[in-house]
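Novice: Before I ask anything, here is the structure I am working with.
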Amino acid sequence: MSDSTAESESGGMERRTVLKAVGGSAIAVALAGCGELLEDEEDPLEEAEVPDEPIEAGLQTFLEGAPAVLGVQAEYGAETAVRRINENDGIAGRQIDLTVVEEGEEALENYQEFVEAGMDVTFGPISSGNHEAMVPEVNDQGVINVATDGTVTTLYEEDHPPEDNQYSFRFQNHDVMEALAAAVEATELLGADEIETYAGINPGYAFGFDEQELFSAGIEQLADAELVYEGFPDLGTDDMSTHIEEVNSAEPDVLFSSAWGGDATLLLEQGHGAGMFDNIELLVGPVLYGSANDLSEALVDGPIRSGSRNFYWDQPSVDRWDPGRELFEEVQEEYDVVPTAHFMSGYGAVTAWATAAEKAVRILGGWPEQEQLADILVNHGFYTPAGYHTMGPDHQGYSNAHFGELTWSDDLDAAILEDVNVYDPKNVSPPQGQTSRDWIADWD
């Protein structure tokens, strides 16, 4: 058997496994990225009582400025999921109308306006600070919100545990998963005994503080390393030179940065300009690849390992995984961009809700109330082209985490990841009911 035949048959087996798991659901198959359908002889959706009018959905994301590097990807992802749903007869026959608005600093107001406009479901935001502000209002209003990002770990672990949170959910992996993956990457690549010092440059708000604290906890457990500098530039800053100078002076073995969007691009630009990569052994950045479409070949030259949250389009390889290949080609054709994990943030948030809504209709024989759908979302499992996802009892989404070498592809004329490592959620996040900080502190 030739290698190409083996890969083709392997891809077919993986695809059939997905089909078996999703069963006879047109939208589940479409959203998983599969082109075939195993129909049930009797489909309960045909007899279900559902409203005739379209589903009204609202998405808020960053469409302007430096954060739009990620925010527009989330928009593209949500649009793609909605398009696939509508092309496959909707959810129990109901089409989705998606309204997209600028997130900015008005996330709470945006959600309130969505509710006043009669939206059936809302998605977003990108910002952790905005997500924190929204959760109490989501539970007061009782209209489900599935956050695309806003990944600060304490939000659902400590601030809004399940007993106090009914209607707020989050699709994207939370910070602990990528911060610990970064720590493991650094120790595996350099060797724990070779990492004596580390530094951090992270956004100066909830997300950056959370990522730095979790990475610190992990790297100090794994390598017994010493923190020699941490800086927190404002989100959307136009100058990181002071922080880069501090790193050059300290010469840490590892630099950790959760800079994202335009900030990630700026860090790489000014870091190269100031010779930063001559003074560190490794830069690990959980969301650097989120700026893939904003990067040049010169910027990815250096000892850089980047995360890609819960999705990297070539993991598994598109030569073996048809859903990934088909999605990549669709995004290239429709938007002329490389899809990043933030594309999957939008795509997955819509998919989580849509597949849960269809499940609810099958179970109930009619359209669910918000409370019923919220109950079904808990412990809900579903597929996307990125693989299998679950929505945990804590309302947090769980998927594999990815980390690889940030480099350049002449064929794509774009930044890519090579030597990608995939981390199972159970290896980079705590068991249910235990906080990330306590879990890491208890490592032997």
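The values are calculated or read from the model by the stated rules, or taken from the named source; none is laboratory data. Worth saying up front: this structure is predicted, and the values here are computed from it rather than measured. With ideal geometry, Cβ positions are generated from the backbone for all residues, glycine too; neighbour counts draw on all protein chains shown. SASA here: full protein model, heavy atoms, side chains in, ligands and nucleic acids out. Shrake-Rupley method; radii C 1.70, N 1.55, O 1.52, S 1.80 Å.
Yes/no matrix, rows are residues, columns are (1) in contact (Cβ under 8 Å) with a residue 60 or more places away in the chain; (2) surrounded by fewer than 16 Cβ atoms within 10 Å (Cβ to Cβ):
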site	(1), (2)
D336	no, yes
M344	yes, no
G348	yes, no
K359	no, no
G365	yes, yes
L377	yes, no
L406	yes, no
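Novice: Exactly one of these conditions fails for E369: (1) among the acidic types (D, E); (2) open to solvent by less than 10 Å² (accessible area, probe 1.4 Å); (3) within 30 Å of D43 (Cβ to Cβ). Give me its number.
Specialist: Looking at each condition in turn, E369 falls short on (2).
Novice: Just give me the residues in the range 74-88 being open to solvent by 10 Å² or more (accessible area, probe 1.4 Å) and polar (S, T, N, Q), in sequence order.
Specialist: Initial filter on the range 74-88 (open to solvent by 10 Å² or more (accessible area, probe 1.4 Å)): 75-76, 79, 82-84, 86-88.
Within the range 74-88, N86, N88 qualify.
Novice: Here is a follow-up. Out of all the residues in the range 281-302, is one or more within 24 Å of V428 (Cβ to Cβ), over 20 Å from the mean Cα position of the chain (by Cα) and open to solvent by less than 10 Å² (accessible area, probe 1.4 Å)?
Specialist: Start the filter on the range 281-302 by keeping residues that are within 24 Å of V428 (Cβ to Cβ), which leaves 281-292.
Now drop any that are not over 20 Å from the mean Cα position of the chain (by Cα), which leaves 281-283.
Okay, now just the ones that are also open to solvent by less than 10 Å² (accessible area, probe 1.4 Å), so 282-283.
Yes.
Residue-by-condition table, conditions (1) open to solvent by 20 Å² or more (accessible area, probe 1.4 Å); (2) touching a Leu at 6+ places or on another chain (Cβ under 9 Å); (3) polar (S, T, N, Q); (4) within 19 Å of L222 (Cβ to Cβ):
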| site | (1), (2), (3), (4) |
| --- | --- |
| D164 | yes, no, no, no |
| Q172 | no, no, yes, no |
| D175 | no, yes, no, yes |
| L180 | no, yes, no, yes |
| E185 | no, yes, no, yes |
| E188 | yes, no, no, yes |
| D193 | yes, no, no, yes |
| Y198 | no, yes, no, yes |
| P203 | no, yes, no, no |
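Novice: Here's a follow-up. State which residue is farthest from W313 (Cα to Cα) when the search covers only the range 379-391 and only residues that are surrounded by 18 or more Cβ atoms within 10 Å (Cβ to Cβ) and among the hydroxyl-bearing types (S, T, Y). Outline the logic, then answer.
Specialist: The initial filter retains those residues of the range 379-391 that are surrounded by 18 or more Cβ atoms within 10 Å (Cβ to Cβ), namely 380, 382-387, 389, 391.
Next, only the ones that are among the hydroxyl-bearing types (S, T, Y) stay: 383-384.
Details: Y383: 15, T384: 11 Å.
Restricting to residues being surrounded by 18 or more Cβ atoms within 10 Å (Cβ to Cβ) and among the hydroxyl-bearing types (S, T, Y), the top hit is Y383.
Novice: Please verify whether T122 is under 30 Å from S25 (Cβ atoms), under 19 Å from the mean Cα position of the chain (by Cα) and not in a helix (DSSP H, G or I), treating the condition exactly as stated.
Specialist: Values: under 30 Å from S25 (Cβ atoms): yes; under 19 Å from the mean Cα position of the chain (by Cα): yes; not in a helix (DSSP H, G or I): yes.
The answer is yes for T122.
Novice: Now for a separate question. With G271, G324, G302, G290 as the choices, which residue is over 20 Å from A78 (Cβ atoms) and in a helix (DSSP H, G or I)? Please lay out each step first, then the result.
Specialist: Working: G324 fails: over 20 Å from A78 (Cβ atoms); G302 fails: in a helix (DSSP H, G or I); G290 fails: over 20 Å from A78 (Cβ atoms).
Going through G271, G324, G302, G290 in turn, the sole match is G271.
Novice: Further question: Quickly run through the range 202-214 and pick out the residues that are in contact with a Gly (Cβ under 6 Å, 6 or more places away or on another chain), assigned to a loop (DSSP other than H, G, I, E, B) and over 19 Å from N248 (Cα atoms).
Specialist: Y205
Novice: Quick one: which residue in N248, N310 is under 22 Å from L59 (Cα atoms) and of a type outside the set (A, V, I, L, M, F, W, C)? Steps first, answer last, please.
Specialist: Details: N248 fails: under 22 Å from L59 (Cα atoms).
On inspection, the qualifying residue turns out to be N310.
Novice: Give the residues of the range 89-131 that are of a type in the set (D, E, K, R) and either open to solvent by less than 50 Å² (accessible area, probe 1.4 Å) or at negative phi (or both), sorted by residue number. Reasoning before the result, please.
Specialist: Initially, the range 89-131 is screened for residues of a type in the set (D, E, K, R), giving 89, 94, 97, 102-103, 105-106, 109, 113, 116, 120.
The answer is R94, D97, E102, E103, E105, E106, E109, E113, E116, D120.
Novice: Now a separate question. Can you spot a residue in the range 392-404 that is closer than 30 Å to E49 by Cα and surrounded by fewer than 16 Cβ atoms within 10 Å (Cβ to Cβ)? Break it down into steps so the answer makes sense when it comes.
Specialist: Of all residues in the range 392-404, those closer than 30 Å to E49 by Cα come to 392-393, 395, 397.
From what is left, the residues that are surrounded by fewer than 16 Cβ atoms within 10 Å (Cβ to Cβ) are 393.
Yes, because at least one residue in the range 392-404 is closer than 30 Å to E49 by Cα and surrounded by fewer than 16 Cβ atoms within 10 Å (Cβ to Cβ).
Conditions (1) over 20 Å from P430 (Cβ atoms); (2) in contact with an Asp or Glu (Cβ under 7 Å, 6 or more places away or on another chain), marked per residue:
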{"position": "N130", "(1), (2)": "yes, yes"}
{"position": "V138", "(1), (2)": "yes, no"}
{"position": "G142", "(1), (2)": "yes, no"}
{"position": "A147", "(1), (2)": "no, no"}
{"position": "G150", "(1), (2)": "no, no"}
{"position": "E158", "(1), (2)": "no, no"}
{"position": "D164", "(1), (2)": "no, no"}
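Novice: So, one more: Search the range 136-162 for residues being part of a loop (DSSP other than H, G, I, E, B) and open to solvent by less than 10 Å² (accessible area, probe 1.4 Å), and hand back the single one that is nearest to E56 (Cα to Cα).
Specialist: At the first step, the residues of the range 136-162 found to be part of a loop (DSSP other than H, G, I, E, B) are 142-144, 148-153, 160-161.
Remaining after also requiring open to solvent by less than 10 Å² (accessible area, probe 1.4 Å): 144, 148-153.
Values: I144: 12, T148: 17, D149: 21, G150: 23, T151: 25, V152: 28, T153: 30 Å.
Looking at the filtered set, the residue picked out is I144.
Novice: Starting from the range 40-69, take each residue that is over 30 Å from D294 (Cα atoms) and free of Cβ contacts under 8 Å to residues at least 60 places away in the same chain and list its partners that are of a type in the set (A, V, I, L, M) and buried (at least 18 other Cβ atoms within 10 Å of the Cβ), counting only C-beta distances under 8 angstrom and pairs at least six apart or across chains.
Specialist: From residues that are over 30 Å from D294 (Cα atoms) and free of Cβ contacts under 8 Å to residues at least 60 places away in the same chain, the pairs are P54/I96.
Novice: Among the candidates A349, A374, A354, single out the residue that is more than 16 Å from I85 (Cα to Cα) and either among the aliphatic types (A, V, I, L, M) or in contact with a strand residue (DSSP E or B) (Cβ under 7 Å, 6 or more places away or on another chain) (or both).
Specialist: Residue meeting the stated conditions: A374.
Novice: Checking the condition at pLDDT 95 or above, more than 18 Å from the chain's Cα centre (by Cα) and either charged (D, E, K, R) or not in a helix (DSSP H, G or I) (or both), which residue from A199, A186, A217, A133 passes?
Specialist: Details: A186 fails: either charged (D, E, K, R) or not in a helix (DSSP H, G or I) (or both); A217 fails: either charged (D, E, K, R) or not in a helix (DSSP H, G or I) (or both); A133 fails: either charged (D, E, K, R) or not in a helix (DSSP H, G or I) (or both).
Answer to the check: A199.
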